[in-house]
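Input: a single structure, listed below in structure tokens.
The values are calculated or read from the model by the stated rules, or taken from the named source; none is laboratory data. The structure displayed is predicted, hence computed values, not measured ones. So basically every Cβ, Gly included, is an ideal-geometry build from the backbone, and we count neighbours across all protein chains shown.
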Amino acid sequence: MHPDLPAAYGTPESPGPELLTTDEMYRADAFAVEQGIAGRTLMETAGTALANAICDRWSPRASVILCGPGNNGGDGFVAARLLAERGWPVTLYLLGKRDALTGDAALAAADWQGDVLPLAETAMDGAALVVDALFGAGLTRPLDGIPAALAERSYDADAVIVSVDVPSGVDGNTGAILGTAFAADLTVTFHRAKPGHYLLPGRTACGELAVADIGIPDRSIEVVNPSAFHNSPELWGDAYPRLEDAGHKYGRGHALVVSGPATKTGAARLAARGALRGGAGLVTVASPEDALAENAAHLTAIMLAEFDGAPGLTAILEDRRKNAALIGPGAGVSSFTRARTLAVLRSGAAVVLDADALTAFEADQKILFDAITAPTVLTPHDGEFARLFPDLAEIDGGKPARARAAATRSKAVMVLKGADTVIAAPDGRIAINDNAPPTLATAGAGDVLGGFILAQLAQGVPAFEAACIGVWLHGEAATRFGPGLIAEDLPDMLPEVLEELEAYLP
């Protein structure tokens with residue numbers, strides 16, 4: 001890897017992009033035990049990784065270890081012993097009775113030679129570092145009592161807060177905050193990250209995330225066969241379209257962006273510029289007659305074609321070289337948009353549907369979904385999603401469950417946008433994106449995203465990977481630009497991002 005690349009590209013030591021739910025992590029642990037690795041060994045290795053992560057970042061200081069009654073608490077006992085052996089002043093508190101501990105946690109507690117104090121609301125008093133080893137990713141009920149009180153105190157604590165697995169109170173599968181949760185400066189998890197580490201609001205509680213190898217064989221991933229992934233170059237690098245020395249523009253696809261009417265054309269041009277910068281060999285804006293002059297005044301490398309209603313779009317797309325199309329930005333919510341969207345879907349081209357092309361089918365979702373036969377990507381924000389999938393807006397399982405269900409129903413790849421965008425495929429795969437800065441909350445940013453995804457489809461990338469690439473590039477470009485971002489800046493940041501990406505990919 002290029003030594004100067006930012007952390008977003010990963011490191012050679014990074015774990016794979018797979019994200020394990022709590023059940024999948026239990027199965028990975030069980031697989032390790034089946035392979036002859038004792039559970040006590042896994043706990044000792046986890047506690048060692050926790051202690052090492054602390055010592056790598058901070059010097060010895062007054063430390064408090066808050067241990068729960070399960071394996072998370074066992075990890076805390078191991079870390080407490082090791083920190084004490086390294087000269088750290090350690091005080092340990094336990095939720096529950098020491099003699100009630102069982103299994104590997106009881107063995108870890110037996111190795112701790114210091115006092116074990118009952119958990120109290122004053123446990124954090126005077127501490128410079130607090131280890132939250134109370135509850136792990138599998139917690140399903142809200143924190144209450146003393147753990148809840150300590151979690152509330154963590155937000156204003158002067159101490160450094162380190163959480164084990166996830167901050168206690170965060171649902172490891174959905175990122176939901178169960179009543180309240182610890183606010184960690186560092187979260188140390190094991191083997192693979194969990195979806196809740198990247199989903200909001202749990203992500204904000206995690207602080208820095210460190211994923212430690214504790215000796216669970218990587219072959220466990222094949223056994224568990226997870227369907228959730230962290231959206232990163234490691235996930236889709238093999239699908240990323242490389243330039244060829246003997247290549248030409250016609251080999252990189254011809255993308256079509258459908259413009260709205262006069263005075264509503266800017267969104268389509270933003271998307272078209274995103275598609276051209278994103279790698280499409282050719283890009284054409286299809287414009288109604290009343291918007292031709294307006295579009296022509298702003299376009300140079302992007303071509304322009306007039307169309308008249310749905311039949312006009314059908315005629316343009318009869319040229320099979322136009323192999324990917326985007327409709328929705330600035331289109332208007334009308335019967336005209338519905339007809340034009342269906343014409344695009346019938347063309348056989350790969351399709352991105354955004355904004356008005358989604359809302360126009362609010363009352364007739366089935367007509368839209370029945371028309372989806374070619375590779376198609378839908379890019380709703382939460383409001384558009386609720387209009388198109390009203391019965392899925394509040395289903396159990398959080399954002400991943402909503403996106404999965406919608407992708408299955410629509411037979412399209414779902415890009416459920418937000419600061420924690422979830423990309424879902426009809427086959428159940430999801431990718432969670434975490435590189436989108438708050439500066440992307442600006443007019444037109446979603447239109448550019450549609451263009452970035454369109455560019456990948458035009459180059460022949462499968463729909464799920466095309467969506468993942470587009471979403472990641474969008475966040476990375478915004479991060480590079482920084483404060484003051486407007487949508488027009490995003491395509492112009494891509495050359496720098498793409499140059500570094502190509503230096504990273506093998």
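The figures follow:
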{"quantity": "Complete set of residues in the stretch 368-407 that are under 27 Å from LEU317 (Cα atoms), among the aliphatic types (A, V, I, L, M) and not in a helix (DSSP H, G or I)", "calculated": "ILE372, ALA374, VAL377, LEU378"}
{"quantity": "Only one of ALA255, ALA239, ALA246 that is outside the structural domain of GLY136 (by TED's automatic domain parsing), over 24 Å from ASN71 (Cα atoms) and crowded, with 21+ Cβ neighbours inside 10 Å", "calculated": "ALA255"}
{"quantity": "Test: residue in the stretch 408-426 that is among the charged types (D, E, K, R), touching a Pro at 6+ places or on another chain (Cβ under 6 Å) and either more than 15 Å from ALA466 (Cβ to Cβ) or crowded, with 24+ Cβ neighbours inside 10 Å (or both)", "calculated": "yes"}
{"quantity": "Evaluation of ASP218 against (1) without any contact (Cβ under 8 Å) to a residue 24 or more places away in the chain; (2) surrounded by fewer than 16 Cβ atoms within 10 Å (Cβ to Cβ) (one fails), failing number", "calculated": "(1)"}
{"quantity": "Odd one out for GLU222, checked against (1) among the acidic types (Asp, Glu); (2) more than 30 Å from ASP171 (Cα to Cα); (3) part of a helix (DSSP H, G or I)", "calculated": "(2)"}
{"quantity": "Residue within the stretch 81-94 that is without any contact (Cβ under 8 Å) to a residue 60 or more places away in the chain, farther than 23 Å from ALA128 by Cα and buried (at least 18 other Cβ atoms within 10 Å of the Cβ) present", "calculated": "no"}
{"quantity": "Any hit, the stretch 185-200, residues being at pLDDT below 95, of a type in the set (Ser, Thr, Tyr), outside any loop (DSSP other than H, G, I, E, B) and in contact with a strand residue (DSSP E or B) (Cβ under 8 Å, 6 or more places away or on another chain)", "calculated": "no"}
{"quantity": "Yes/no for ALA291 being touching an Asp or Glu at 6+ places or on another chain (Cβ under 7 Å) and more than 21 Å from ALA374 (Cα to Cα)", "calculated": "no"}
{"quantity": "When residues of the stretch 130-140 are limited to those that are of a type outside the set (Asp, Glu) and either at pLDDT below 95 or not in a loop (DSSP other than H, G, I, E, B) (or both), the one nearest to GLY68 (Cα to Cα)", "calculated": "ALA133"}
{"quantity": "Residue satisfying all of: in the stretch 273-314; acidic (Asp, Glu) and touching a Ser or Thr at 6+ places or on another chain (Cβ under 8 Å); surrounded by the fewest Cβ atoms within 10 Å (Cβ to Cβ) among these", "calculated": "GLU306"}
{"quantity": "Residues located in the stretch 266-298, provided they are in a loop (DSSP other than H, G, I, E, B), farther than 26 Å from LEU501 by Cβ and out of contact with any Lys or Arg (no Cβ under 7 Å at 6 or more places or on another chain)", "calculated": "ALA297"}
{"quantity": "Scan of the stretch 97-114 for residues that are touching a Gly at 6+ places or on another chain (Cβ under 8 Å) and either under 23 Å from LEU150 (Cβ atoms) or modelled with pLDDT under 95 (or both), ordered by number", "calculated": "LEU101, ALA105, ALA108, ALA109"}
{"quantity": "Every pair of residues 6+ apart whose Cβ atoms lie under 9 Å, when the first sits in the stretch 235-246 and is closer than 15 Å to ILE453 by Cα while the second is among the β-branched types (Val, Ile, Thr)", "calculated": "TRP236/VAL461; TRP236/ILE469; ALA239/VAL461; ALA239/ILE469; TYR240/VAL461; TYR240/ILE469; PRO241/VAL461; PRO241/ILE469"}
